[in-house]
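Peer 1: Structure below; questions to follow.
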Amino acid sequence: MSAAWQEEFLSGKVLLVNKPLQWTSFDVVKKIRILTGVSKVGHAGTLDPLATGLLIVCTGKFTKSINDFMAKEKEYAGTITLGSLTPSFDLETEPEQIKSIDHLDEAKIQAAINPFLGEIEQMPPIFSAIKKNGQAAYISARKGVEVKLDPRKVTIHEFQIPLIEMPKVHFKIICSTGTYIRSIANDFGATLGCGGHLSSLCRTRIGQFELKDAITITDFEAYINQLKASN
């Protein structure tokens, strides 16, 4: 029999969580299952372990709305480091193919935004959860097995670079669901002829839901302990 404080989670709740660095999205789901004692918990849109920011977690009947949340546009802030590539397009793997960035200035960097605006064809990273032959691509990639993925159409509604601190380029991107920001970082570096990789990422918005309204895992745990104590 469930406790009185569990009822709101069992019947259905939408939680806005600020995902910590190094946690997988499933780590967050697992933690919430343990804290609430509710098994019907899921998230609406994966964030990579090296990304932080807004993760929508649904419990109970609201798990049926996960696909609706996933379809909403996303907003991100982060940094691209120019002058080197990584196989994973981020810092999961070591930088390689170091190239000079001496030829770059702010005008060239800002102009490189243009090919990424609107509907584009994007090649997903091989270090991704996309299924290939029934297995997540990253599993094969980490074993050094060649993975071939198909390009996909995504839409970039907004791409801004408010600050350049070479070799880091700080960006804001608003995009459709299914967009890989790591791929944008990699392709942006290729456009500039020097390579680039994603060095930090934070999801700041999903549709009308904003990071400023999200709760940390630490605060959520304290909230659950308070509920338990008051019942």
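Peer 1: With charges set only on the Cβ (+1 for Lys and Arg, -1 for Asp and Glu), what does the dipole of the chain come to about its Cα centre, in debye to the nearest 20?
Peer 2: 880 debye
Peer 1: Using a 7 Å offset from the Cα along the Cα-to-Cβ direction at both E7 and E221, what is the distance between the two label points in nm, to one decimal?
Peer 2: 2.8 nm
Peer 1: Going by a ≥ b ≥ c, the root eigenvalues of the Cα gyration tensor, does the stretch 27-82 fall in the rounded group (a/c under 1.5), the prolate group (a/b larger than b/c) or the oblate group?
Peer 2: It is oblate, given that a/c is not under 1.5 and a/b is not larger than b/c.
Peer 1: Tell me the angle of helix 217-230 to the major Cα principal axis of the chain, expressed in degrees between 0 and 90 and rounded to the nearest ten.
Peer 2: Compared with the principal axis, the helix lies near 10 degrees.
Peer 1: Follow-up. Please sort 65-71, 161-167 by packing, taking for each peptide the average over its residues of neighbouring beta carbons within 10 angstrom, highest first.
Peer 2: So the peptides 65-71, 161-167, ranked by packing, come out 65-71, 161-167.
Peer 1: Right, another one. When a/c is below 1.5 the answer is rounded, else prolate if a/b is larger than b/c, else oblate, so apply that to the stretch 104-221 with a ≥ b ≥ c taken from the square roots of the Cα gyration tensor eigenvalues.
Peer 2: Verdict is oblate for the stretch 104-221.
Peer 1: Follow-up question, since we're still on this one. State the extension gain, in nm to one decimal, for the chain segment bounded by K108 and E96, taking 0.36 nm per residue of separation less the distance between their alpha-carbons.
Peer 2: Taking K108 through E96 to full extension adds about 2.0 nm, to one decimal.
Peer 1: A follow-up question, please. Would you work out which of V169, S2, Q110 lies farthest towards the positive end of the dipole of the chain, given +1 charges on the beta-carbon of Lys and Arg and -1 on that of Asp and Glu, about the Cα centre?
Peer 2: Result: S2.
Peer 1: Which of rounded, prolate or oblate describes the stretch 63-157 when judged by the alpha-carbon gyration tensor and an a/c cut-off of 1.5?
Peer 2: It is oblate, given that a/c is not under 1.5 and a/b is not larger than b/c.
Peer 1: Right, next: Connecting C-alpha atoms closer than 10 Å in a GNM of the chain, tell me which of A214, A141, A111 has the biggest fluctuation.
Peer 2: Per the Cα network of the chain with a 10 Å cutoff, A111 tops the list.
Peer 1: HN-Hα J couplings of the stretch 159-175 from phi, Karplus 6.51/-1.76/1.60, θ = phi - 60°, integer Hz, Gly and Pro as x?
Peer 2: Coupling constants for the stretch 159-175: 9, 10, 10, x, 8, 10, 10, 3, x, 8, 10, 8, 9, 10, 10, 10, 8 Hz.
Peer 1: For the chain, find the longest principal axis of its Cα atoms and tell me its angle to the long axis of helix 181-191, 0 to 90°, nearest 10.
Peer 2: That works out to roughly 10 degrees.
Peer 1: Here is the link list: K64/K148; K99/K172; K99/K212; K31/K148. Which ones come out longer than 29 Å on Cα distance?
Peer 2: Over 29 Å Cα-Cα: K64/K148; K99/K212; K31/K148.
Peer 1: Taking the dipole about the Cα centre of the chain, with the C-beta of Lys and Arg at +1 and of Asp and Glu at -1, give me whichever of L91, P125, I224 is farthest to the positive side.
Peer 2: Looking along the dipole axis, the top candidate is I224.
Peer 1: Compute the accessible area per residue over the stretch 26-160, keeping the other protein chains in place, probe 1.4 Å, unit Å².
Peer 2: 53 Å²
Peer 1: Could you tell me how far the Cα centroid of the stretch 99-148 sits from the Cα centroid of the stretch 1-68, in Å?
Peer 2: 29 Å
Peer 1: Separate question: Tell me which residues come under 5 Å, amide H to amide H, from S200 once H is placed; ignore anything under 5 positions away on its chain.
Peer 2: It is T79, by chain and number.
Peer 1: Among T79, T36, T218, determine the one that fluctuates most according to a GNM of the chain built with springs between C-alpha atoms less than 10 Å apart.
Peer 2: T218
Peer 1: List, in order, the whole-Hz ³J(HN,Hα) value for each residue of the stretch 97-103 obtained from phi through the Karplus relation with A = 6.51, B = -1.76, C = 1.60 and θ = phi - 60°; use x for Gly and Pro.
Peer 2: Ordered by residue, 3J(HN,Hα) equals 6, 5, 10, 5, 10, 5, 7 Hz.
Peer 1: Okay, moving on. In whole Hz and in residue order, list the ³J(HN,Hα) couplings for the stretch 108-125 that follow from phi through the Karplus curve 6.51 cos²θ - 1.76 cosθ + 1.60, θ = phi - 60°; x for Gly and Pro.
Peer 2: For the stretch 108-125, the Karplus curve yields 5, 5, 5, 5, 5, 5, 3, x, 9, 7, x, 7, 10, 9, 10, 8, x, x Hz.
Peer 1: Which cross-chain or sequence-distant (5 or more) residues have an amide H under 5 Å from the amide H of A51, H modelled 1.01 Å from N in plane?
Peer 2: Hits under the 5 Å cutoff: Q22.
The values are calculated or read from the model by the stated rules, or taken from the named source; none is laboratory data. As the structure is a computational prediction, the values presented were derived from the model and not from experiment. Note: ideal-geometry Cβ built from the backbone for every residue, glycine included; neighbour counts use all protein chains shown. Just so you know, the surface numbers come from the protein's heavy atoms only, side chains and all, with ligands and any DNA or RNA stripped out. Shrake-Rupley method; radii C 1.70, N 1.55, O 1.52, S 1.80 Å.
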